[in-house]
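Undergrad: Could you have a look at this structure, given as structure tokens, before my questions?
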Amino acid sequence: MGTEGAWILTAMVSQPLVRHYSGLLIQAFNTPYLCREWFSLMSAAGERDPHRVDQPSDLRLRRLARGERALGILSGWQYEQWGGLHPHQNARSWEAALTDECGAPGQPVPSSYVLELDGEILGGIQLLAYDMDLEPAWTPWLASVFIAPQARGQGLAGWMVATLAERARSAGLERLYLYTPDQQALYARLGWREIDRREWLGEWVSVMLREL
């Protein structure tokens, strides 16, 4: 369940977000960085501030707990997106694994989150001990970045990544890893750097590190 590229900059626009942030979206499209009101990639001097995240007041990243209805929604999205890479799993076993990955309250890893706007679930993201088990020393991992089709193309994936990295730092984590086949440039703008290239699940991916 790695950070695949299907959720980045598609043409679909979520009507609730257009309603709330139309002015910001106009600024965001066709620019190398999303505007600072979404998440602060650059300070006033033009330098990226890796520990600051500006949160729109009614957009939130919420940690999931076992038994929530949202688990079924997020699990369905994940399985549709990445289930083909894991032929030994089915929809039921995938949801069971996601439930386990909610983790224990107060412990940052593992943990699973949904992105919500006005009660509508727009995406999800996770912190896992391992998302790629080739190097035991590489832990923990930011994983399963997903934005629902109707909400893509608005920078929400980057906002989620930046927000969760900040929470991980506040929880005492010192670094995070992820892998991606094709979104290296996006993650580099968010403070990640490539540390390795590996063949994984049938494709070449970049392993990236973010020091917190």
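The values are calculated or read from the model by the stated rules, or taken from the named source; none is laboratory data. Since the structure is predicted, the reported quantities are computational estimates derived from the model, not experimental observations. Reconstructed Cβ throughout: ideal geometry from the backbone, glycine too, with neighbour counts over all protein chains shown.
Undergrad: Kindly list the number of the only condition in (1) part of a strand (DSSP E or B); (2) within 18 Å of ARG60 (Cα to Cα); (3) among the acidic types (Asp, Glu) that fails for GLU166.
TA: Evaluating GLU166 over (1) part of a strand (DSSP E or B); (2) within 18 Å of ARG60 (Cα to Cα); (3) among the acidic types (Asp, Glu) leaves (1) as the failure.
Undergrad: If you scan the range 197-212, which residues turn out to be in contact (Cβ under 8 Å) with a residue 12 or more places away in the chain, under 12 Å from MET132 (Cα atoms) and more than 20 Å from the chain's Cα centre (by Cα)?
TA: So in the range 197-212, the residues in contact (Cβ under 8 Å) with a residue 12 or more places away in the chain come out as 198, 200-212.
Now restrict to residues that are under 12 Å from MET132 (Cα atoms): 198, 200-201, 205-208.
Matches in the range 197-212: ARG198 only.
Undergrad: In the range 87-125, what residues are buried (at least 19 other Cβ atoms within 10 Å of the Cβ) and under 21 Å from GLN154 (Cβ atoms)?
TA: Within the range 87-125, the subset buried (at least 19 other Cβ atoms within 10 Å of the Cβ) is 94, 98, 101-103, 109-115, 117, 122-125.
Hits for the range 87-125 are TYR113, VAL114, LEU115, LEU117, LEU122, GLY123, GLY124, ILE125.
Undergrad: Right, something else. Out of all the residues in the range 169-181, which are within 21 Å of GLU135 (Cα to Cα) and surrounded by 15 or more Cβ atoms within 10 Å (Cβ to Cβ)? Explain how you work it out, then say what you get.
TA: To start, the set of residues in the range 169-181 that are within 21 Å of GLU135 (Cα to Cα) comprises 173-181.
Residues satisfying the conditions are LEU173, LEU176, TYR177, LEU178, TYR179, THR180, PRO181.
Undergrad: Is it true that MET160 is closer than 23 Å to GLU80 by Cβ, touching a strand residue (DSSP E or B) at 6+ places or on another chain (Cβ under 8 Å) and at pLDDT below 95? Show your work before the answer.
TA: Details: closer than 23 Å to GLU80 by Cβ: yes; touching a strand residue (DSSP E or B) at 6+ places or on another chain (Cβ under 8 Å): yes; at pLDDT below 95: no.
Judged against the criteria, MET160 is not a match.
Undergrad: What is the one condition in (1) within 20 Å of LEU164 (Cα to Cα); (2) modelled with pLDDT of 95 or more that SER93 does not satisfy?
TA: Failing condition for SER93: (1).
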